[in-house]
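Presented below is the structure to which this report refers.
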Amino acid sequence: EKDGYPSFMEKEIHDQPDAVANTLLGRADSHGNLTLDELRVDPEVLKSVNKIIVLACGTSAYAGQVAKYAIEHWCRIPTEVELSHEFRYRDPIVDENTLIVSISQSGETMDTLMAVRYAREQGAKTVAICNTNGSTIPRESDAVLYTHAGPEIAVASTKAFLAQITAAYLLGLYLAQLRGNKFKGEIKDILSDLGKIPAKISQILEREEDIKSLGRDMADAKSVLFLGRHVGFPVAMEGALKLKELAYIHAEGFAAGELKHGPIALIEEGQPVFVVVPSPRGRDSLHAKVVSNIQEVRARGARTIVIAEEGDTDVTAYAEHVFYVPETPPLLAPLLTTVPLQLFAAALAAAKGYDVDQPRNLAKSVTVE
Ligand code: F6R
């Protein structure tokens, strides 16, 4: 059932083109109209939403953080992302115009379930993004948007993460569509770009040996840092989480802009630093800023491993290794840039002899608070 892969995790990393494709399947017509009929929430109710709160834990919360950038950009609805266990205990502001979007692979995470229950009691509408049919969180929500990643067996989440981002993007586009079709042309274009993501993930997987051999070479690293900006920031945190979980080494993800406010003090000779670089075609000057971050850590002796868009030659001068991902619009980049980080963590952990499917101290479903 591992399809010839040495672990479920490796299989599930390779399932990702299908996970994204299946999550997109049947959810838009050929004119680019989203048809999320399964949501069964009165569109009028969704139109009156004036605030979105995404509730999730762990990797699922990073999917929420990625989605926040897209939802606010497309819908202009203020969107917060909060860890379920923090939300519940801080007297949050929630009312009937608040849309709660929970994200959970298992649908059984107790922290998230309790947070959703609490929000519902306050009158909020609740939509669950979930990978497990008939699980508790969707049953206790007003509506559900299933991710179709297929069962995820490995404890560390991979394909569910990409499917969660995809589903959250569909929800964001649907809300944008409901709120006046202003973004119509754009919605169609984004759906078409989303449709191209599975083939691009496959292209990354064809070159997996590059990043896996790097993972094996770095098996004795004591600490690895990850930097990113904009949607690359939650990707950096997800890359760090995978490494902590699987390889039991210290890893941390930072917003690259935060570097000079403290974390740069950590950089010494030989410190591995991954940098997730935004597209050079993106807005503002983010690309140039991140390239200068690479330069700054490199000048202090860091080993720089750069994830950049194909054709980005600005990064090569300061990178010890560059791993290129195919071109895609900036908001969709996490669906690609995450993949090499997953492969790196799995290869490094396997090189240390660890069981990547069953990391110590962790359970697949966390059904206690
Ligand atoms: C990380 C991981 C965990 C889960 C978290 C939430 O690889 O698997 O951080 O993402 O426990 O689980 P779900 O999505 O089932 O609510």
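The values are calculated or read from the model by the stated rules, or taken from the named source; none is laboratory data. In this text, all values refer to a predicted model and were calculated from it rather than measured experimentally. Because the Cβ atoms are built from the backbone with ideal geometry, glycine has one as well, and the counts that use them run over all protein chains shown. These area figures cover heavy atoms from the full protein model, side chains too; ligands, DNA and RNA do not enter into them. Shrake-Rupley method; radii C 1.70, N 1.55, O 1.52, S 1.80 Å.
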Across the alpha-carbon set of the chain, Rg over Rh with Rh taken as the Kirkwood radius works out to 0.96
Over the chain, with neighbouring protein chains present, the accessible area per residue in Å² at probe 1.4 Å is 40 Å²
Restricting things to alpha carbons, find the Rg to Rh ratio for segment 231-302 using the Kirkwood radius for Rh.
0.97
Mind listing which trypsin sites (Lys or Arg not before Pro) in segment 87-153 are in a DSSP loop and have 11 or fewer other Cβ atoms within 10 Å?
90
What angle do you read, to the nearest 10 degrees and between 0 and 90, between the alpha-carbon axis of helix 58-75 and the longest principal axis of the chain?
70 degrees
Whose amide H sits under 5 Å from the amide H of residue 101, counting only residues 5 or more places off or on another chain, with H placed in the peptide plane?
53, 54, 55, 127
For segment 291-308, 3J(HN,Hα) per residue [Karplus equation, 6.51 cos²θ - 1.76 cosθ + 1.60, θ = phi - 60°, Hz, x = Gly/Pro]:
4, 6, 5, 4, 4, 4, 6, 4, 4, 9, x, 5, 8, 9, 10, 10, 9, 9
Starting from the exponent 0.38 and prefactor 2.2 Å, build the expected Rg for segment 204-245 from its residue count and divide its actual Cα Rg by it.
1.28
Distribution of pairwise C-alpha distances over segment 218-338, 10 Å bins, in %:
15, 51, 31, 4
Cα long-axis angle, helix 159-178 against the chain (0 to 90 degrees, to the nearest 10)
40 degrees
Cross-link reach list, lysines versus residue 244, counting only Cα pairs under 25 Å and skipping chain neighbours closer than eight places
2, 11, 68, 159, 212, 222, 260, 352, 364
Dimensions (Å) - segment 1-152, Cα atoms, principal axes, largest first
50, 41, 27
